[in-house]
């Protein structure tokens with residue numbers, strides 16, 4: 001199946017060139033980027049599911065059309081504040097997300113095929129979209145991520161934005177580390193970040 005995948009590269013002149021590519025490779029995730037909200041999206045039911053993973057308790061939030069959040073317990077309170085009327089019941093998207101995450105932890109899945117939508121400022125969406133270009137088992141520095149989005153001086157802003165990433169693991173902010181190679185900043189804690197990186201490096 002040919003899936004839609006959008007990627008970005010640095011032009012060398014301080015600009016980002018965005019390419020639309022049709023490829024037969026499975027993307028890191030199916031990203032619904034800059035789309036207009038569905039007319040009835042605000043009235044859609046928000047579904048919720050949690051499960052115990054090797055890295056800790058994971059919370060999954062989705063509506064009828066897309067995945068809205070994947071978070072560990074340390075960030076769950078923040079997600080709850082941004083999502084109203086959560087129904088403590090799963091749906092097809094939360095079920096599929098849980099299955100794919102279990103495959104990821106088992107080492108049998110490197111790429112996710114989930115309908116996600118990232119809502120935020122243009123800067124935030126560019127930073128999160130850049131995370132999707134980091135391959136499984138590899139890392140990038142915050143400065144490299146800032147260069148990728150065409151704003152090399154925004155290293156600290158990139159770090160703060162990664163900390164607000166609502167869809168952990170699938171949008172892999174854990175793959176961004178300090179320029180020296182040191183693990184810094186992760187909403188779920190550095191132990192979880194280290195666990196995820198070691199999991200990917202071992203495969």
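The values are calculated or read from the model by the stated rules, or taken from the named source; none is laboratory data. Being a predicted model, the structure only gives us computed values, none of them experimental. Note that each Cβ is placed from the backbone with ideal geometry, even for glycine, and that neighbours are counted across all protein chains shown.
Data for the structure
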{"item": "Filtered residues of segment 68-102 (kept if modelled with pLDDT under 75 and within 23 Å of residue 193 (Cα to Cα))", "result": "74, 75, 76, 77, 78, 79, 80"}
{"item": "Unmet requirement for residue 195, which otherwise passes all of (1) buried (at least 21 other Cβ atoms within 10 Å of the Cβ); (2) out of contact with any helix residue (DSSP H, G or I) (no Cβ under 8 Å at 6 or more places or on another chain); (3) under 24 Å from residue 57 (Cα atoms)", "result": "(1)"}
{"item": "Boolean, residue 164 is touching a helix residue (DSSP H, G or I) at 6+ places or on another chain (Cβ under 9 Å) and modelled with pLDDT under 95", "result": "yes"}
{"item": "Among residues of segment 185-200, those that are closer than 17 Å to residue 138 by Cβ and at pLDDT below 95, counted", "result": "1"}
{"item": "Selection count, segment 138-191, where residues are under 20 Å from residue 105 (Cβ atoms), without any contact (Cβ under 8 Å) to a residue 40 or more places away in the chain and buried (at least 18 other Cβ atoms within 10 Å of the Cβ)", "result": "3"}
{"item": "Residue in segment 23-33 that is outside any loop (DSSP other than H, G, I, E, B), in contact with a strand residue (DSSP E or B) (Cβ under 7 Å, 6 or more places away or on another chain), over 30 Å from residue 154 (Cα atoms) and modelled with pLDDT under 65 present", "result": "yes"}
